[in-house]
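These notes are about the structure you will find just below.
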Amino acid sequence: AAKTSGKARFERFEPRMRVAVMERAIVENDLRAALKLDQLRLVYQPIVDMRTRRMQGAEALLRWYHPERGVIPPVSFIPLAEDLGLMTELGAWVIRSACRQLGAWRRQLPPGGDLYVSVNLSPTQFADPGLLDHVRDCLTESELEPHSLVLEITEQVLVDQYSRARAVLAELNQIGVRVAIDDFGSGYSSLAYLLELDVDILKIDKSFIDALTLSPKGPVLVGSILHMASALGLRPIAEGIETEEQLSYLLRANCPSGQGFLFSTPVDPEQIAAIAITP
Ligand code: C2E
Ligand code: MG
Ligand code: MG
Ligand code: MG
């Protein structure tokens, strides 16, 4: 009986596995073509001053507009792009596009604006020896001050590539490009890197913001992160703010900046220009 059910299980699963392999092959082909076909686009989510709700910067977030499958979110194809060795090229395109977009906004908006753009870096991009030259090229090409570019990396990247991270962050600091730790507090890393590395911004992970109103420990933890950030001269940004209640906690705790659906979802670049113009 065991043998029969084992066989049945195998037969039930095999076609599905074959589909998965086929799917992957299709997606792989499609992804290789997507960049050339202009199917990859960046949307931007405002990062706001919490008190005034005025936009200070915008995070670039990747989307794949697939002709048959609709909008594919980054978590569904970035790991594949990494596996296929496409992420360096894709990531380089993201940095260049975000810089060009900020240059375009600058020309559209009244002068004196200090809008910045924040770009996520994947692990392989971070390991790429061409990264720093590419960043310099993009800044020059779009005539941006280095300060208007923020690069976001996760704690996991720091842990996995610690000695490289030290060198890259020191160099970025030299160039004047700011570095943010994305999803701060959510990884399995020690805080020791904060002693040694040139970090400018801590993006407090959404799970802590959710916890503000879900657990009595939430406000304590967020308060402690904000104190630490302030004492270390790091700029905190609260991620994933969805409710007025979360916002009021964060305002009381003097969190200066935030991002989340409460203020805006990620939007097309044209809408960012409109948001920036609206007083
Ligand atoms: P992330 O960098 O932490 O970006 C924030 C994610 O949270 C975005 O999802 C954003 O749409 C979402 N979000 C923002 N506010 C809220 C909120 O109030 N509630 C909820 N539920 N979600 C909110 P998205 O765009 O799907 O991106 C997911 C992740 O994919 C990003 O997390 C980032 O790690 C990665 N990613 C996105 N674009 C890129 C890229 O160009 N390059 C690389 N390497 N990674 C990217
Ligand atoms: Mg991010
Ligand atoms: Mg710095
Ligand atoms: Mg994040």
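Below, the figures for the structure above:
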{"item": "Of the criteria (1) among the acidic types (Asp, Glu); (2) on the phi > 0 side of the Ramachandran plot; (3) away from ligand 2 (no atom under 14 Å from the Cβ), which one Asp183 fails", "result": "(3)"}
{"item": "Residue list for region 192-211, restricted to those being surrounded by fewer than 22 Cβ atoms within 10 Å (Cβ to Cβ) and either more than 16 Å from ligand 2 (Cβ to nearest atom) or assigned to a strand (DSSP E or B) (or both)", "result": "Ala192, Tyr193, Leu194, Leu195, Glu196, Leu197, Asp198, Asp210, Ala211"}
{"item": "Residue pairs meeting the criteria (Cβ under 6 Å; at least 6 apart or on separate chains; first within 6 Å of ligand 1 (Cβ to nearest atom), in region 67-78; second not in a strand (DSSP E or B))", "result": "none"}
{"item": "Flag for Leu221 being hydrophobic (A, V, I, L, M, F, W, C), assigned to a helix (DSSP H, G or I), modelled with pLDDT of 95 or more and farther than 19 Å from Val135 by Cα", "result": "yes"}
{"item": "Pairs, first under 12 Å from Leu61 (Cα atoms) in region 93-119, second buried (at least 17 other Cβ atoms within 10 Å of the Cβ) and among the basic types (Lys, Arg), C-beta under 9 Å, six or more apart", "result": "Ser118/Arg178; Ser118/Lys203"}
{"item": "Filtered residue count, region 33-47, keeping only those that are polar (S, T, N, Q) and within 16 Å of ligand 2 (Cβ to nearest atom)", "result": "1"}
{"item": "Scope region 197-217; condition over 14 Å from the mean Cα position of the chain (by Cα) and within 13 Å of ligand 3 (Cβ to nearest atom); matching residues", "result": "Leu197, Asp198, Val199, Asp200"}
{"item": "Extreme residue, nearest to Lys206 (Cα to Cα), among residues of region 249-279 that are among the small types (Gly, Ala, Ser) and surrounded by 13 or more Cβ atoms within 10 Å (Cβ to Cβ)", "result": "Gly260"}
{"item": "Members of region 224-242 found to be surrounded by fewer than 16 Cβ atoms within 10 Å (Cβ to Cβ) and part of a helix (DSSP H, G or I), listed by number", "result": "Ser224, His227, Met228, Ser230, Ala231, Leu232"}
{"item": "Pairs with Cβ under 6 Å, 6+ apart, first in region 176-190 and within 9 Å of ligand 4 (Cβ to nearest atom) and of a type in the set (Ser, Thr, Tyr), second open to solvent by less than 30 Å² (accessible area, probe 1.4 Å) and part of a loop (DSSP other than H, G, I, E, B)", "result": "Ser186/Asp205"}
{"item": "Top-ranked residue in region 165-191 [being assigned to a loop (DSSP other than H, G, I, E, B) and open to solvent by 50 Å² or more (accessible area, probe 1.4 Å); ranked as farthest from ligand 3 (Cβ to nearest atom)]", "result": "Tyr188"}
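Conditions tested, residue by residue: (1) modelled with pLDDT under 95; (2) away from ligand 3 (no atom under 16 Å from the Cβ); (3) closer than 19 Å to Gln45 by Cβ.
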position: Val94; (1), (2), (3): no, yes, yes
position: Gln101; (1), (2), (3): no, yes, yes
position: Val135; (1), (2), (3): no, no, no
position: Leu195; (1), (2), (3): yes, no, no
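The values are calculated or read from the model by the stated rules, or taken from the named source; none is laboratory data. Every value quoted in this text rests on a predicted model; they were computed, and no experiment measured them. As a convention, Cβ positions derive from the backbone with ideal geometry for all residues, glycine included, and neighbour counts pool all protein chains shown. With ligands, DNA and RNA removed, areas are computed over all heavy atoms of the protein, side chains included. Shrake-Rupley method; radii C 1.70, N 1.55, O 1.52, S 1.80 Å.
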